[in-house]
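Single-structure report; data block below.
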Amino acid sequence: MANLTLDCALMSHDPQPDSRFDEFLFLQAQNAGLFLGQIPHPATGQKTVNLRAAKSVLDCLEMLEAKTVNNLTSNEKKLLQAALENIRTLYQKHQ
């Protein structure tokens, strides 16, 4: 009986919020901002553009979006979509 209860609990999958996800997205968005000249480099104070690095961040977030389908809370999904939209817009401006 215990196994049946455990199996049912595993089958009803509601994504649970995880603050680490939000922190990860903020860090990636900050990195993208740095690479797209929106944030000055902490060591030099200069704003520079590194499209290759920005594209790498964008690719990682797009992969994360694809791999987490139906596994994010609505707030996590909104945050990820907003980050992707903002980064894509900035990236396209620099191409």
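The values are calculated or read from the model by the stated rules, or taken from the named source; none is laboratory data. All figures in this text were calculated on a predicted structure; none of them were measured in a lab. Every residue, glycine among them, receives a Cβ derived from its backbone with ideal geometry; neighbour counts consider all protein chains shown.
Keeping to segment 58-95, report how many residues are closer than 21 Å to Asp14 by Cβ and in a helix (DSSP H, G or I). Please lay out each step first, then the result.
So in segment 58-95, the residues closer than 21 Å to Asp14 by Cβ come out as 64-81.
If we keep only those that are in a helix (DSSP H, G or I) too, we end up with 64-67, 74-81.
Qualifying residue count for the region: 12.
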Residues located in segment 76-95, provided they are at pLDDT 95 or above, surrounded by fewer than 16 Cβ atoms within 10 Å (Cβ to Cβ) and out of contact with any strand residue (DSSP E or B) (no Cβ under 9 Å at 6 or more places or on another chain): Lys78, Gln81, Ala82, Glu85, Asn86, Arg88, Thr89, Gln92
Residues of segment 26-85 classified as small (Gly, Ala, Ser), over 11 Å from the mean Cα position of the chain (by Cα) and more than 22 Å from Gln16 (Cβ to Cβ), total: 7
Selection count where residues are out of contact with any Pro (no Cβ under 8 Å at 6 or more places or on another chain) and farther than 12 Å from Leu90 by Cα, scope segment 21-49: 18
Within segment 1-25, considering residues that are under 22 Å from the mean Cα position of the chain (by Cα) and of a type in the set (D, E, K, R), the one modelled with the lowest pLDDT: Asp14
Matching residues in segment 54-75 - criterion: being without any contact (Cβ under 8 Å) to a residue 40 or more places away in the chain, surrounded by 15 or more Cβ atoms within 10 Å (Cβ to Cβ) and of a type in the set (A, V, I, L, M): Val57, Leu58, Leu61, Leu64
